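The values are calculated or read from the model by the stated rules, or taken from the named source; none is laboratory data. Everything numeric in this text was worked out from a predicted model, so none of it was measured. So basically every Cβ, Gly included, is an ideal-geometry build from the backbone, and we count neighbours across all protein chains shown.
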Amino acid sequence: MRHLSLATLLVVLVFGSRAWAQEAAAPESVKPGINDSFLDPDLDVEAYVKRFEVESREVFAARSEIVERMKLSPGDRVADIGTGTGLFVEPFSEAVGEKGWVYALDIAPRFVERVEKLAEIRSLNNVTPVLCGQDDIRLAPGSINAAFICDVYHHFEYPQESLASIHKALEPGGKLVVIDFNRVPGESREWTLNHVRAGKEVFRAEIEKAGFRFVNEVEVPSFKENYFLQFERK
């Protein structure tokens, strides 16, 4: 019985230590629950279309300016990270041309399904919808030369891990564009202060720490609440 007890104890210690190691290695969310609604299998996609694709939303109204300032070239391979309803998929498809490619990524299966149908209906043959993870964009190393994150970075629950996967997917010298909301206490509206976890300086520092070089802040004349930052993969 003594030997059986020792063996049992050994099993408990081994598996217990493995479970502890896995738990210790698991990344910690910086904003738990912020993406719960997108992961709902009954997500009402049309409700988000009405919410996202309206002139009152800055990035929708400025979508042509944004794509122009991205300076994409024919043959580019761009990842639209957090594509949502697919607002930028068609403009990106046109910008990169037949020899380029657009990866439309989202964590919401219903959004990915919508983009797949959108690409089929509009004959966007250079678009691949991708169901990505909450901490990994799930693209092959060096598979893209541009990454686009629009009104989505503040939804990154695991920014360090997500940025590492973006860094890996970008080829050296590839561009990363981040558009998000200015969060300034005393100036920004209450929704922004409650919803967006940090301001531009914090987000920029996180991105630079992940191996990106800050290039510049691009001016978009129509922006009042948003900013446009451009980085380069080291």
Please identify the pairs in which a residue from the range 219-234 that is closer than 11 Å to residue 180 by Cα has its Cβ atom under 9 Å from the Cβ atom of a residue that is aromatic (Phe, Trp, Tyr) and modelled with pLDDT of 95 or more, counting only partners at least 6 apart or on another chain. 225/181; 226/181; 227/181; 229/203; 229/214
In the range 73-84, anything of a type outside the set (Asp, Glu), part of a loop (DSSP other than H, G, I, E, B) and more than 23 Å from residue 43 (Cα to Cα) is listed as 73, 74, 75
Which of the following residues is at pLDDT 95 or above, closer than 17 Å to residue 105 by Cβ and either touching an Asp or Glu at 6+ places or on another chain (Cβ under 7 Å) or of a type in the set (Asp, Glu) (or both): 146, 169? 146
Please work out which one of (1) crowded, with 20+ Cβ neighbours inside 10 Å; (2) of a type in the set (Phe, Trp, Tyr); (3) touching an Asp or Glu at 6+ places or on another chain (Cβ under 9 Å) is the condition residue 60 fails and give its number. (1)
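Each row is one residue, and each column tells you yes or no for (1) crowded, with 17+ Cβ neighbours inside 10 Å; (2) in contact with a Pro (Cβ under 6 Å, 6 or more places away or on another chain); (3) charged (D, E, K, R); (4) assigned to a helix (DSSP H, G or I).
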position: 86; (1), (2), (3), (4): yes, no, no, no
position: 94; (1), (2), (3), (4): no, no, yes, yes
position: 105; (1), (2), (3), (4): yes, no, no, no
position: 119; (1), (2), (3), (4): yes, no, no, yes
position: 147; (1), (2), (3), (4): yes, no, no, no
position: 154; (1), (2), (3), (4): yes, no, no, yes
position: 163; (1), (2), (3), (4): yes, no, no, yes
position: 185; (1), (2), (3), (4): no, no, no, no
List every residue pair whose Cβ atoms sit under 8 Å apart, with the two residues 6 or more apart in sequence or on different chains, where the first one lies in the range 69-94 and is within 20 Å of residue 219 (Cα to Cα) and the second, anywhere, is among the hydroxyl-bearing types (Ser, Thr, Tyr) and in a helix (DSSP H, G or I). 91/64
Residue hits (the range 165-176; crowded, with 22+ Cβ neighbours inside 10 Å and either of a type in the set (Lys, Arg) or in contact with a Pro (Cβ under 8 Å, 6 or more places away or on another chain) (or both)) are 169
Is one or more of the residues making up the range 14-31 touching a Leu at 6+ places or on another chain (Cβ under 8 Å) and modelled with pLDDT of 95 or more? no
Condition first: touching a residue at least 24 places away in the same chain (Cβ under 8 Å) and either outside any loop (DSSP other than H, G, I, E, B) or under 13 Å from the mean Cα position of the chain (by Cα) (or both). Now tell me which residues in the range 121-136 satisfy that. 127, 128, 129, 130, 131, 132, 133, 134, 135, 136
Top-ranked residue of the range 209-234 - restricted to ones that are more than 17 Å from residue 146 (Cβ to Cβ) and among the aromatic types (Phe, Trp, Tyr), ranked as nearest to the chain's Cα centre (by Cα): 227
Picking from 130, 115, 152, the residue that is modelled with pLDDT of 95 or more, touching a Phe, Trp or Tyr at 6+ places or on another chain (Cβ under 6 Å) and not charged (D, E, K, R) would be 130
